[in-house]
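Here's the structure, in structure tokens; my notes come after.
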Amino acid sequence: MTKLNIYLAVILIICGLGIVTSQHEARKLFILLEKEQELADQLAIEWNQLLLEQRTWAMHGHVEKIARGKLDMTVPAPLNIQVILSDHASNRPYKEFP
């Protein structure tokens, strides 16, 4: 009978240690999950800021300001503008309009 009691006590201690170990591992994984979620939130904020910056740089007024200021570009006169449209029905790839 004492051998059975010792055997059951050893099994009980091993089970207790297993529970403590698994709880500790679960807590570590939960902390890691929280950190990764915080990093994902920070990356989402940075992504939105970069999208906003991209939209700002791509605005027509901003592009025109750079074209005029740094590249010394101007809008051509209406007589110098030629519109070329695609003509899929004919054999010619483009149709010019005066």
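The values are calculated or read from the model by the stated rules, or taken from the named source; none is laboratory data. None of these values were measured; they are calculated from a predicted model. Side chains are part of the model used for accessible areas, which takes the heavy atoms of the whole protein and leaves out ligands, DNA and RNA. Shrake-Rupley method; radii C 1.70, N 1.55, O 1.52, S 1.80 Å.
Rolling a 1.4 Å probe over the protein heavy atoms gives the chain an accessible area of 98 Å² per residue. Taking 0.36 nm per residue of separation and subtracting the current Cα-Cα distance, fully stretching the chain between L79 and I19 would add 13.1 nm. Ligands, DNA and RNA excluded, the heavy atoms of L17 present near 110 Å² of accessible surface to a 1.4 Å solvent probe.
To the nearest 10 degrees, how steep is helix 60-69 against the longest Cα principal axis of the chain, on a 0 to 90 scale? Tilt of helix 60-69: around 60 degrees. Solvent-accessible area of I19, all protein chains in place: 100 Å² (probe radius 1.4 Å, heavy atoms, ligands and nucleic acids excluded). Counting only protein heavy atoms, what percent of the accessible surface of the chain is carbon or sulfur at a 1.4 Å probe? Answer for the chain: carbon and sulfur cover 66 percent of the accessible area. The Rg/Rh ratio of the chain, with Rg taken over Cα atoms and Rh as the Kirkwood radius over Cα pairs, comes to 1.63.
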